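I have placed the structure first, in the form of structure tokens, so that the comments after it can refer back to it.
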Amino acid sequence: QVQLVESGGVLVQAGGSLRLSCTASGIIFRVVRMGWYRQAPGKQRELVARITSGGSTNYADSVKGRFTISRDNAKNTVYLQMNSLKPEDTAVYSCAADADIDRYWGQGTQVTVTS
């Protein structure tokens, strides 16, 4: 049974930083592509950042230069370092694991950025 558990979401002021973590179990973590997605109220879920098993990354244009995705295969954990946060970054952030044709989701963690 695959489980993804996110943590680190809090309320933070604009300009601040935050690191989200997502720990996986029940999956061969080192071979899967991991991603962070977010969904703001009234909006569709969007990809924030993704990292392949080989460490290649890609980012949404809105977060390039501010967010960094990384992974620690020894800890089965993917991170999202978020700097220079803006109120428009407010959303529920969820991690996802892509294993073959399946995608698994975590429950999400709320990030709120106040101005």
What's the FRET efficiency of residue 28 with residue 62 using the Cβ-Cβ distance as r and R₀ = 41 Å, to the nearest 0.05?
-> 0.85
Carbon + sulfur, % of accessible area of the chain - ligands and nucleic acids excluded, 1.4 Å | 45 percent
Cross-link reach list, lysines versus residue 86, counting only Cα pairs under 27 Å and skipping chain neighbours closer than eight places = 43, 64
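Any idea of the accessible area per residue across the chain, 1.4 Å probe, to the nearest Å²? Walk me through the intermediate numbers first.
On the way: 6120 Å² over 115 residues.
Result: 53 Å² per residue.
The values are calculated or read from the model by the stated rules, or taken from the named source; none is laboratory data. Worth saying up front: this structure is predicted, and the values here are computed from it rather than measured. In this analysis, Cβ positions are derived from the backbone assuming ideal geometry, glycine residues included, and neighbour counts consider all displayed protein chains. Remember, those area values only see protein heavy atoms, side chains included, never the ligands or the DNA or RNA. Shrake-Rupley method; radii C 1.70, N 1.55, O 1.52, S 1.80 Å.
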